[in-house]
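The block underneath contains the structure these notes are about, expressed in C-alpha cells.
The values are calculated or read from the model by the stated rules, or taken from the named source; none is laboratory data. Everything numeric in this text was worked out from a predicted model, so none of it was measured. Heads up, the Cβs are rebuilt from the backbone with ideal geometry, glycines too, and the neighbour counts pull from every protein chain shown. Quick note on the areas: whole protein, heavy atoms, side chains included, nothing else; ligands and nucleic acids left out. Shrake-Rupley method; radii C 1.70, N 1.55, O 1.52, S 1.80 Å.
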Amino acid sequence: NKINRLNLNKKYLFSPDGTHLISHSIRGGVEEYDIQNCEAIGKFVENGLAMVFSLTFSPDGNLLAGGIQGASFSEGFSVGKYRICIWDTETRKVLQVLIGHEGELTSLAFSPDGTRLASVSRDRTIRIWDTESAEQLLVFIVDDGIESVAFSPDGTRLFATSGLGKLY
C-alpha cells in the first residue's frame, strides 16, 4: 500500500524525526507509513474499529497518544467509550489507556519531557495525566468545549483554547 496521494478525509501527523507519517480519521484506523519508501508499514488501530479524533507524538517519538471512541475488541475496550490510548511506536502495542473524558477528545499534548499528557475535550474538561502510571493528576472544568491544548516549551505552563476563542 504505497502513498501516492493523500486522502482529504484523513488527518496526517509526522513523527518527530520526520521518517514516518501517521494517518487517522474519525471513520477509524490509525496507519503508519515509511516516508522514504512511501509504503504502509503497520496499523495502530484497524479501520472501522475506533473513531480517532486526535493524535500526538511524545517529543522523543517513542509514544503515540490518541483520543478515540471505541476500539479493537482484542484489546478489551468497550465500544462507544471515550479513551486515550498511549502506544509504543516501535511495537504499536497499547501501553496505557486513560479513562475520564465523556466527550470527543479534541486535542492532546505531551509535556516537553514526555512525562505528562494534557487532554482536552468537548466535555468541557482539561486533564493532565502521568504517562507512565496512567494516573489522572489534575482536572479543570471550564465553561466551554476546548479545541486545542499546548505546553509551553519549558513545560511549566499549559494553554488551552475554546471554540469561542477563550484562552485558559
Which loop-located trypsin sites (Lys or Arg not before Pro) does the stretch 82-168 contain, where loop means any DSSP state but H, G, I, E or B and the Cβ has at most 13 other Cβ atoms within 10 Å? 93, 157, 166
Amide H of residue 95 versus every other amide H placed in the peptide plane: which residues, excluding those fewer than 5 positions away on the same chain, fall under 5 Å? 86, 87, 88
Using each residue's phi in the stretch 100-109, evaluate 6.51 cos²θ - 1.76 cosθ + 1.60 at θ = phi - 60° and report the 3J(HN,Hα) Karplus result to the nearest Hz, with x for Gly and Pro. x, 6, 10, x, 3, 7, 8, 7, 9, 8
Can you work out ³J(HN,Hα) from phi for every residue in the stretch 143-159, in order, using Karplus 6.51 cos²θ - 1.76 cosθ + 1.60 and θ = phi - 60°, giving whole Hz and x for Gly and Pro? 9, 8, x, 8, 9, 8, 8, 7, 8, 5, x, 8, x, 8, 10, 10, 10
Of all the accessible heavy-atom surface of the stretch 69-168, with the other protein chains kept in place and a 1.4 Å probe, what percent is carbon and sulfur? 50 percent
Rg (Å, one decimal) plus Dmax (Å, integer) for the alpha carbons of the stretch 75-158? 12.8, 39
Give me the extension gain from residue 133 to residue 10: residue separation times 0.36 nm, minus the current Cα-Cα distance, reported in nm with one decimal. 41.2 nm
